[in-house]
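FYI, it's all coordinate maths here, none of it is from the lab. All of these numbers come straight from a predicted model, not from anything done at the bench. Quick reminder, even Gly has a Cβ in these numbers, built from the backbone with ideal geometry, and neighbours come from all protein chains shown.
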Amino acid sequence: AWPLQALRVQADRLDLAGLAAGLPHTALSGSASLQATAYDAEASLQVELNNATAGRWDQHALPVSRLTLALTGRPDQPSRLRLTRLDAALAGGGRVQGQGRLDANGRWQLDARVEGLRPEALDARAAPARLDGPLTLSGSETGPLAVHTDLAGTLQERPLRLQARVRSEGRAWQIEDARLTSADATLQASGRIDMSGSPRLQAQLQLRQFDPHLLWRGAPGSPWARLPGPTRLNIDADLDLGGRRAADVTGRVDARLLPGQLAGLPVDGRVLLQRPLPSDAAGFELDARLGSSRLQASGQGRPETITGSASLKAGALAELNPLLALLGQPPVAGQADAEARYQAVRTPQGWQAGGSGRLSLANAKAFGATVASAQGRWELPLPGADADGPVALSLELTRLQHPRATLDSARLDLQGRRSAHELKATLRGSLPREAQDLALDARLQGRGGWDGQAWTARIACLDIGPLRPGTPALLSARDIGLRWLVSGMQITAEPGRAEVGGAALRWQALAWSGGDTPELRAELQLDALSVAPLLARWQPDFGWGGDLQLTGHASLRLNERLTAELLVERQSGDLRVTDEFGPRALGLTDLRIALNVRDGVWQLAQGFAGKDLGSLGGALTLRPRGLWPDAATPMEGVLQANVADLATWGRWVPAGWRLGGHAAATVQVGGRLGAPDLNGRAEGEGLALRHLLYGVDVTEGRFALDLKGQHAELSTLEARAGEGWLRASGRAELGAQPGARLQISADRLRVLSRVDRRIVASGDATLDLDAKGLRLDGRLRADEGLFDFSHADAPALADDVSVQRGARDSQPATPAAPKTARQTAVSLAVDFGRDFKVKGRGLATTLRGELQIAQNGGPLRVTGKLRADGGQYAAYGQKLDIERGDISFSGAFDNPALDLLAVRPNLDVRVGVRVAGTALAPRVSLYAEPDMAETDKLSWLLMGRGPEGLGRTDTALLQRAALALVSGEGEGPTGRVLRNLGLDELSLAQSDDNTRATIVRLGKQLSRRWYVGYERSLNATTGSWQLIYRIAQRFTLRAQGGDDNALDVIWQWKWN
């Protein structure tokens, strides 16, 4: 009896990727049913599967959404089967349907039809197309396998036809015809592949106007997808190759690249490879042109040797960038011209090469660097030739620029024979830095020789010049012996001596070895180093002196682990600093830095002590998980500091600032290197900060800071300036989310105390700091203020002097990442009080009012109003009383609105100057009350009387106008002379009588109502004095003595 009559298998969201690596992801649901009633009766198999996650191959999915399969046959006749139904629904709407059979004689055939096949729906890297047509596969157990297909459709909206006839006979395949046609583009291939006996390939390939993107457009954004067009390839290729191993391959490859286009550039060339017999050398020839570039190469190769020649002429290297991108190489630019002869031989130690050639580059760019010009020539002995052949190498670079360095010139020259040659190298350039570029000047000279196993050299001199003018050379060494052993990549230096940054360093052992486990070993000794001369050269303006000497040693071994021991300590002597108060000794008694690294544990100890500087000591232990410490490295230790006199640390504050006082701290260190836990206390007494030029003088300062792990608390901070105090307290978080909050108060604090700038302020403020930014809130009041603009500021460069720095690369290879914007919030009220004086440029007044300063992530805004309380304004040669002076801020701090009125005192009418508009666009006009003509206003303003009777004899108006032009907006030269003499008026005039005598007038305004004057004719022997008292606007009392004694009471009335 037949044991299995029915079988049903059910699947629910089966994922093939879970069965084996490399299979696509699926969600197969459906069933497979087998019906077999008897061994000699017909059986059927029905398969119905649905794939809920059908997708593209490039998404690691299966591009089949549904599969239906129906198969019939008899269990007793397994060689006869019928495929009655095959129906597969593909992604993108494609469908494959077919039928097939297997006959008893072993012959089989599958007839299928493809409808709506879209390759891009199967894999996004394929070109958009649609294919329809038949597909037939047939064969037998002993007969040939045949494949026939004729698919037609569209390819990127162009007609497409794919035809193929392939037949197999045993282990041989005959490609009778394979053709792809799309408009004028064709690809045709034919040939034979025989894998029986000795494998052999014979094929012919022809391409016409063919663009590979028609078949494969690549992944979006890939270099292949971004390859510019058009591409039109015309190729004729003949292949006839045989052999089972690469060393035994014989035959010929002849590929002719007919004129066409590649990536939009004209292209043509030829590649020829041939090897008639296994005993012959394989010959190769290459001649290719792309755009303005041409590459030629020829030679012969065997498994153990390669010889040949090559040349490259590239007028525009940038044309090659699309092809370089396909190979994963960065873009290049410039021009290149090169020729070379070469030979390479395989030895037990590896490949050895020799030959000669030349290279020329112009305006070249690659790997983020640019070079204006480069010239190189070389001649190396060919392997197997004369054991002591000539050796020559020369290289010269001009203007090499890189974001990290700029080389103005570099030259390398090697001449001689392999066993004995001379080497010379020079290099000049700079290292860019934010503040100032560092100079780079290096020189190398030596002799060397190659014995076939190692290169031995003796460096006569190696000099790397100072980074800044006047500083010690970065490196200076003489008579250094080197040995480079090729096997194992070992470089060893004989014991020697070098000066590094002015310090003499000796080594007893210095070696590096490569291979699978690279290792560096060094034994170093620091000779007695005189520190003062070295510091004086590095910091010539600080006034270093003294006889301090340091010594030390270091031992280093670096491989998979680091083992090191370092010690630098004071041997004898002291340092001295000279400032404006004279020389001061630091009083050093101890200086020691020690580092020990062993078994992955870093131990650092430091000690520093001086009678004036104080002391600093501590010990830290680090246990990094890797070779070097990082932010996650655990640490523990203690630090102690006691600075006896902060004045000696003035070098570390900006120029002109001076410190004073003493400070001390004791801190226990724990946690991680990137987020340390600090526990302890820091405090200071007698702190002082001063700057003579700025007028800053802060004294009697003290602070107390308590450290509690990830927290810090400022319990006390106060300082005295003038008669006032500054006090602050707060708390800070030091962990992963750092932040701080400070409460600040000032009580009559003298912020500035210069002769021309003085500020005494009081108020309270709160400052909040965190990783995102800061916030400042508070209210300040000016108890006293003075800004005198008539005094000059600190010395500065003239307006016509500009500082130019060296040129830098404006296009770095890798742009720096943008910095995260910090948020700044300010809300500050500023009260100018009742004693804030402003002087200069003809203005002398007292400012009163209040301003609100605000900022919330944007520009600084100032709102409020200031008013001038009295005072005078010098204009048109007169001193005008300020009656109204309003300065209104409504946003921009540098452009307030102006409303100023200044009138000339002691006149019968009100005349003066009005200023309106804004600070950046002021409008100045004459003012009079009642209103009058502009000439009348000017006459009253300049002369103090109306224009009646001026005539040509009166020169006072011209004198005052000329003085106004000379004085400008402030006090002129004449005004300064009068002020120094204690006068307010000095003028010349002519008398109104027939004598026309010249009269000199001098005057002084004693107060608002009293005036005293003196006038005298140059033709007279005596003069007259006048004393004037203004009783009211229309009444004046005048007393006169001299030639004419009188007492007058004057009443004035004016009418139109």
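Size of the chain from its Cα atoms: along the principal axes, largest to smallest, the extents are 158, 82, 67 Å.
Averaging 1/r over each pair of different alpha-carbon atoms in segment 167-254 and inverting the result gives 15.2 Å, the Kirkwood hydrodynamic radius.
Once the Kirkwood radius over Cα pairs is known for segment 223-285, the Stokes-Einstein relation at 25 °C and 0.890 mPa s delivers a diffusion coefficient of 181 µm²/s. Overall shape of segment 576-621 was characterised from the C-alpha gyration tensor. The equivalent ellipsoid obtained from it has semi-axes of 32, 9, 7 Å, in decreasing order.
If you place +1 on the Cβ of every Lys and Arg, -1 on the Cβ of every Asp and Glu, and leave all else neutral, what size is the dipole of segment 1-124 about its Cα centre, to the nearest 20 Debye?
Values: 13 positive and 13 negative charges, 40 e Å.
That gives segment 1-124 a dipole magnitude of about 200 debye.
Compare the Cα positions of ALA255, PRO266, GLY242 along the charge dipole of segment 240-279 (+1 at Cβ of Lys, Arg; -1 at Cβ of Asp, Glu; about the Cα centre) and return the one farthest towards the positive end. Towards the positive end, the residue furthest out is GLY242. For a paramagnetic label modelled at 7 Å from the Cα of HIS213 toward its Cβ, which residues of segment 315-336 fall within the zone defined by backbone nitrogen distances under 20 Å? Answer for segment 315-336: 318-329, 331. Helix 956-967 and the long axis of the chain differ in direction by around 30°, with both axes built from C-alpha atoms.
Can you give the helix-only mean residue ellipticity at 222 nm for the chain, where every DSSP H stretch with n ≥ 4 adds -39500 (n - 2.57) and the sum goes over all residues, rounded to the nearest 500 deg cm²/dmol? List each step's numbers first, then the result.
Values: 6 runs with 49 residues, N = 1056.
Helices in the chain give a 222 nm mean residue ellipticity of -1500 deg cm²/dmol.
Label separation (SER745 vs SER888): 3.7 nm, computed from points 7 Å beyond Cα along the C-beta direction. With K and R counted +1 and D and E -1, the other residues having a Cβ less than 15 Å from that of LYS865 yield a net charge of -1. As a rough footprinting exposure proxy, the listed residues VAL755, VAL862 were ranked by other beta carbons within 10 Å of their own, and the order from fewest upward is VAL755, VAL862.
The order of the peptides 15-22, 908-915 by mean Cβ neighbours within 10 Å, most packed first, is 908-915, 15-22. For segment 843-898, the alpha carbon positions stretch 46, 19, 13 Å along the principal axes, listed from largest to smallest. Between the Cα long axis of helix 934-943 and the first principal axis of the chain there is an angle of about 60°, rounded to the nearest 10. Taking a point 7 Å from the Cα of ASP788 along the Cα-to-Cβ direction, the residues of segment 740-761 with backbone N closer than 18 Å to it are 751-760. Counting every other Cβ atom within 10 Å of each residue's Cβ, LYS839, LYS937 order from fewest to most as LYS839, LYS937. Stretched out straight at 0.36 nm per residue, the stretch from ALA340 to ARG101 would grow longer than its current Cα-Cα span by 79.6 nm. Summary: within the chain, the longest segment free of GluC sites (Glu not before Pro) located in DSSP loops with at most 16 other C-beta atoms within 10 Å is 724-947.
Taking the Cα centre of the chain as origin, sum charge times position over the Cβ atoms of Lys and Arg (+1) and Asp and Glu (-1), and report the length of that vector in debye to the nearest 20.
Details: 124 positive and 118 negative charges, 152 e Å.
For this selection, approximately 720 debye.
Here the dipole of segment 560-709 is about 200 debye; that uses its Cα centre as origin and unit charges on the Cβ of Lys and Arg (positive) and Asp and Glu (negative). A Förster radius of 41 Å combined with the Cβ-Cβ distance from SER33 to THR186 puts the calculated FRET efficiency at roughly 0.30. Multiplying the residue separation of ILE593 and LEU69 by 0.36 nm and subtracting their alpha-carbon distance yields 180.4 nm. Across the options THR37, VAL601, ILE491, the greatest Cα extent toward the positive end of the charge dipole of the chain (unit charges at beta carbon of Lys, Arg, Asp, Glu) belongs to THR37.
With r defined as the distance between the Cβ atoms of GLU565 and VAL486 and R0 fixed at 35 Å, what FRET efficiency is calculated, to the nearest 0.05?
On the way: r = 32 Å, r/R0 = 0.91.
Using R0 = 35 Å, I get an efficiency of 0.65.
Can you give the extra length, in nm with one decimal, that the chain gains between VAL249 and THR863 once fully stretched, where that is 0.36 nm per residue apart less the Cα-Cα distance?
Values: separation 614, 0.36 × 614 = 221.04 nm, distance 8.90 nm.
Extra length from VAL249 to THR863 when fully extended: 212.1 nm.
Computed as a quarter of the hull surface, the mean projected area of the alpha carbon convex hull for segment 1-124 stands at 8.8 nm².
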